[in-house]
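**Student:** Got a structure for you, written out below as structure tokens; questions coming shortly.
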Amino acid sequence: MTSALLSPPSVTARVPAKVNLELLVGPVRDDGFHTLSTVYQAVSLHDTVTVRPAQEWEVAVHGTFADGVPTTADNLALRAATLLAEAADVVEPVHVTIRKEIPVAGGMAGGSADAAATLVACEHLWDLGMTKDALCDIAAELGSDVPFLLHGGTAVGSGRGEIVTPALARGTFHWVFVPSTGTGLSTPAVYGEHDRIVARRGLTPDPDPTPNPAMMSALLGGDAEALAAVLHNDLQDAAVALRPDLGDLIDAGMGFGALGGLVSGSGPTVAFLCADAEAAIDLAVSFTASGTATNVVRATGPVAGAQVVPTSRA
Ligand code: ATP
């Protein structure tokens, strides 16, 4: 009882990964970012972030994908905590503990997810009473995907991805993710390759990309087959050019019976949409039994965005 009374308060938040059901890349803007239109879905692959008051700003990372995540001030979770503190005039540092179950540099926005969870957890710890919109403004400063990870669900992202509009989606979609066993793909490298491909092919990017209406109606109808038919990622050719094995992986998944498959965001994680839960299990088994992939994760979407995990207090 005494130790419980003496231990500093802590707040834990849980945050999902994302998959881009559609990613349309427009021209490069004056600020160096590309204009985007994307349809995000939050999926049930979660990182957990715990914050507690401390003497110094610090971060520790555990879990399946802890390797390679910086524990310096570069860690996006720590940047989120310091940025929120600055905005809210908070001077007490926090220690951040991340349980990392989202692949790193995998195109599933793991770093952005940790930033979103940290914002939610610190906002609660410091009892700031901020609105979601105010938190989203800070989230957008941290990265284009961070506001979506606060929202969760299924949503359209515009601007550079940070302007989030919820989309109507019925039912649950069943996914199988194959994270890369090799090194990740850096997002800037994939965009750079995309720009080279566009120039080489003499293409003119749509200055005002908008979501495919067929995708919005597939989501509304909860129709996995129709959704699979319109999954699309403008960055896929670039990711496959840098990592040709990803093309083989997509072909293998389709051969094993997936409804659709695509590179997730800037890759290299590959996402497969399945007809139902049973089909997702079958696909995962096919990958592992054939030796095509050893590390396979099943998940469903849409799920909620970053949320404080309730604690039972005596
Ligand atoms: P996105 O889909 O948003 O492009 P990603 O999934 O490809 O992102 P992340 O997992 O966010 O990539 O990691 C990108 C880089 O960010 C990593 O290589 C790592 O050095 C750095 N990073 C900083 N903070 C974190 C964090 N908390 N978790 C993971 N990576 C982090």
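The values are calculated or read from the model by the stated rules, or taken from the named source; none is laboratory data. Just so you know, these numbers come straight off a predicted model, no measurement behind them. No Cβ is skipped: glycine too gets one built from the backbone with ideal geometry, and neighbour counts run over all protein chains shown.
**Student:** Out of (1) within 30 Å of VAL28 (Cα to Cα); (2) crowded, with 19+ Cβ neighbours inside 10 Å, what's the single condition that is false for ALA241?
**Tutor:** Against the list (1) within 30 Å of VAL28 (Cα to Cα); (2) crowded, with 19+ Cβ neighbours inside 10 Å, ALA241 comes up short only on (2).
**Student:** Next up: Report yes if some residue within region 97-116 is part of a strand (DSSP E or B), buried (at least 24 other Cβ atoms within 10 Å of the Cβ) and assigned by TED's automatic domain parsing to the domain that holds PRO9; otherwise report no.
**Tutor:** Let us first name the residues in region 97-116 that are part of a strand (DSSP E or B), namely 97-99.
Within this subset, residues satisfying the condition of being buried (at least 24 other Cβ atoms within 10 Å of the Cβ) are 98.
Within this subset, residues satisfying the condition of being assigned by TED's automatic domain parsing to the domain that holds PRO9 are 98.
There is at least one residue in region 97-116 that is part of a strand (DSSP E or B), buried (at least 24 other Cβ atoms within 10 Å of the Cβ) and assigned by TED's automatic domain parsing to the domain that holds PRO9.
**Student:** For region 79-104, enumerate the residues that are within 14 Å of the ligand (Cβ to nearest atom) and in contact with a helix residue (DSSP H, G or I) (Cβ under 8 Å, 6 or more places away or on another chain).
**Tutor:** ARG79, ALA80, ALA81, LEU83, VAL96, ILE98, LYS100, ILE102, PRO103, VAL104
**Student:** Between a first residue in region 262-287 that is in contact (Cβ under 8 Å) with a residue 60 or more places away in the chain and outside any loop (DSSP other than H, G, I, E, B) and a second residue that is within 16 Å of the ligand (Cβ to nearest atom) and among the hydroxyl-bearing types (Ser, Thr, Tyr), which pairs have beta carbons less than 6 Å apart while being 6 or more apart in sequence or on different chains?
**Tutor:** Pairs found: ALA271/SER264.
**Student:** Would you mention how many residues in region 246-261 are in contact (Cβ under 8 Å) with a residue 12 or more places away in the chain, surrounded by fewer than 19 Cβ atoms within 10 Å (Cβ to Cβ) and within 20 Å of GLY184 (Cβ to Cβ)?
**Tutor:** Residues in region 246-261 being in contact (Cβ under 8 Å) with a residue 12 or more places away in the chain, surrounded by fewer than 19 Cβ atoms within 10 Å (Cβ to Cβ) and within 20 Å of GLY184 (Cβ to Cβ): 0 in total.
Residue-by-condition table, conditions (1) in a strand (DSSP E or B); (2) farther than 30 Å from VAL297 by Cβ:
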| residue | (1), (2) |
| --- | --- |
| VAL15 | yes, no |
| LEU23 | yes, no |
| GLY32 | no, yes |
| VAL51 | yes, no |
| THR64 | no, no |
| VAL69 | no, no |
| ALA87 | no, yes |
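**Student:** Separate question: Can you pull out every residue in region 230-260 that is of a type in the set (A, V, I, L, M) and in a helix (DSSP H, G or I)? So that I can check it myself, show each step before the final result.
**Tutor:** Initial filter on region 230-260 (of a type in the set (A, V, I, L, M)): 230-231, 235, 238-242, 246, 249-250, 252, 254, 258-259.
Selection gives VAL230, ALA238, ALA239, VAL240, ALA241, LEU242, LEU246, LEU249, ILE250, ALA252, MET254.
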